[in-house]
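Inspection log for the structure reproduced underneath, given as structure tokens.
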Amino acid sequence: MNLKFLFPTLTLLAPTALLSGCTGTVEGGSATTLTLLTQGGAALQRVDLPAAASDTPRPVAELGDPVAIEGGVDLHPQQGSRRVLLTRRPATEERRPDLTALNTFEAPPFPVCWQASAVSPGSERYFALSQCEGGPQNVAMYTPDGELRWWTALPLAAAPLSGTDTPPIRVAVAGDVGVVARPVLGGGSEMLRVAVTNPGDERAEYSDPQPTVAVRDLATLVSAGGQPTVYAATDAGVFSLTTAGVPDANPLPAFGPERYNRLWASEAAVGSAPVLFAWRGEAIQGSLRLPLRVWNGTSTAQDSAQTIDSFNNLRDAAVADGYLYLLTENSLYRYDAIIGVRQNSWRLENLGVQLRDARALVRTFAEE
């Protein structure tokens, strides 16, 4: 099936791990709560960062006890950030700030083994790909309260042999359009776009798979003017996706022609505009620390992205209350993102929590 006619002017938006941003740091700091996916996806944990007076340091972070779950894949913000969307292999759930289950998404008409998921900026749509062992790939689009809008089975693809450097499956959301990057036999990735032909259709159609370089991650940056663009992390730099759904001819000059494995975009402004974070992690890195860089979304100068710091095993990132939170395999760090972006002065603060095989984080608020 061919969907080229469905995308004449659409700029894709996505994200494999979206960031919620803020326009400035609250004086003295405000209380912040984070939800973490830990123990290799087998537990949820809450981290509470109490508020601090303007003339005193923020109190020590408080790590809650783990809550056991089965097959955790990823975390996403829910609309309003009052709850968390938890992707598990057997189901997707809304979780309250106390980590208890509130709602389970409607089951699609295919066996569910969720492998990758994404939400749109603002979390108006949730898109996920399922593939059970040895079976076909299916995708589904949901509303944030778990109503199934549409689904379809993707065309069969020759899966590559398992390897340490095989690109992952990544998905993205562009309004009511789903975007898929998946590895292919012989190396590299292929891109597909999925959407319904007519509003209200229960079955979607997919575009012709487009072969491309190895795509390591996808993220959406919404410019100050409100135009969303999807970016792809590849072995040759960070590329915007064209209207055909493939990486552009040239990488973003700001990041240079280096390999990047992860991308995160702030949803709102950090300082004066949303920003894009890119990490130069690689599959086989041992104890090697590699740089995390940030682009202000406007600079076109070569290698102009700021270097925040270097990390080993960086797993996820989130922006909350003007701070950048970074999750590694066993630790949680914080930087003042406003000062960092404006002054290129990134001051590390280790929040002192000890984690085991952490995978994802998201900011939440207490329920009203």
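Read-outs throughout are calculated quantities, based only on the coordinates presented, and are distinct from any laboratory measurement. The model shown is predicted, which means the values in this text are computed figures rather than measured ones. Don't worry about glycine lacking a Cβ; one is built from the backbone with ideal geometry, like all the others, and counts go over all protein chains shown.
Which whole-number percentage describes the relative contact order of segment 140-215, with Cα contacts under 8 Å and a sequence gap of 6 or more?
Reported relative contact order: 26 percent.
For the pair D201 and D309, what calculated FRET efficiency results from E = 1/(1 + (r/R0)^6), where r is the Cβ-Cβ distance and R0 = 35 Å, to the nearest 0.05? All intermediate terms of the calculation are to be shown ahead of the outcome.
Working: r = 47 Å, r/R0 = 1.34.
That gives a FRET efficiency of 0.15.
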remark   = T164 and S272 label points (each 7 Å along its Cα→Cβ direction) are spaced in nm at 4.5 nm
query = Using θ = phi - 60° and the Karplus curve 6.51 cos²θ - 1.76 cosθ + 1.60, what whole-Hz ³J(HN,Hα) does each residue of segment 158-163 get, with Gly and Pro shown as x?
reply = 6, 6, x, 5, 4, x
ask   = In angstroms, what radius of gyration and Dmax does segment 132-242 have, counting Cα atoms only?
value = 14.8, 44
note = Cα extents of segment 226-308 along the principal axes, largest first, in whole Å, come to 40, 32, 22
task = Calculate, axis by axis, the spread of Cα positions in segment 253-368 along the three principal axes, and write the results as whole Å, longest axis first.
result = 41, 40, 21
ask   = Over all distinct Cα pairs, what is the inverse of the mean 1/r for segment 41-191, reported as the Kirkwood hydrodynamic radius in Å?
value = 17.0 Å
remark   = quick shape note, the chain: Cα extents on principal axes in Å, largest first -> 62, 47, 41
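Nearest 20 debye, what's the magnitude of the dipole of segment 189-232 about its Cα centre given +1 on Lys and Arg Cβ and -1 on Asp and Glu Cβ? All intermediate terms of the calculation are to be shown ahead of the outcome.
On the way: 3 positive and 6 negative charges, 37 e Å.
The dipole magnitude comes to about 180 debye.
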ask   = Contour minus end-to-end for N330 and C132, with contour as 0.36 nm per residue of separation and end-to-end as the Cα-Cα distance?
value = 68.4 nm
ask   = On average over all directions, what projected area in square nanometres does segment 315-357 have, based on the convex hull of its Cα atoms?
value = 2.9 nm²
inquiry  = For segment 160-315, take the convex hull of the Cα atoms, compute a quarter of its surface area, and give me that in nm², please.
reply    = 10.4 nm²
query = Which value, in debye to the nearest 20, gives the size of the charge dipole of the chain about its Cα centre, when Lys and Arg are +1 and Asp and Glu are -1 at the Cβ?
reply = 460 debye
ask   = Rg and Dmax of segment 112-158 over Cα atoms: what are they, in angstrom?
value = 11.4, 35
ask   = From the Cα gyration tensor of segment 203-256, with a ≥ b ≥ c the square roots of its eigenvalues, which class applies: rounded if a/c is under 1.5, or else prolate if a/b is larger than b/c, or else oblate?
value = oblate
message = Using helices alone, I'd like the mean residue ellipticity at 222 nm for the chain: each DSSP H run of four-plus residues gives -39500 (n - 2.57), total over residue count, nearest 500.
response = -500 deg cm²/dmol
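Using Stokes-Einstein with the Kirkwood hydrodynamic radius over Cα pairs, what translational diffusion coefficient do you get for segment 127-187 at 37 °C and a viscosity of 0.692 mPa s, in µm²/s rounded to a whole number?
Details: Rh = 12.9 Å.
After rounding, the answer is 255 µm²/s.
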ask   = Taking the DSSP beta bridges in the chain as the whole, what percent of them are antiparallel, to the nearest 5?
value = 95 percent
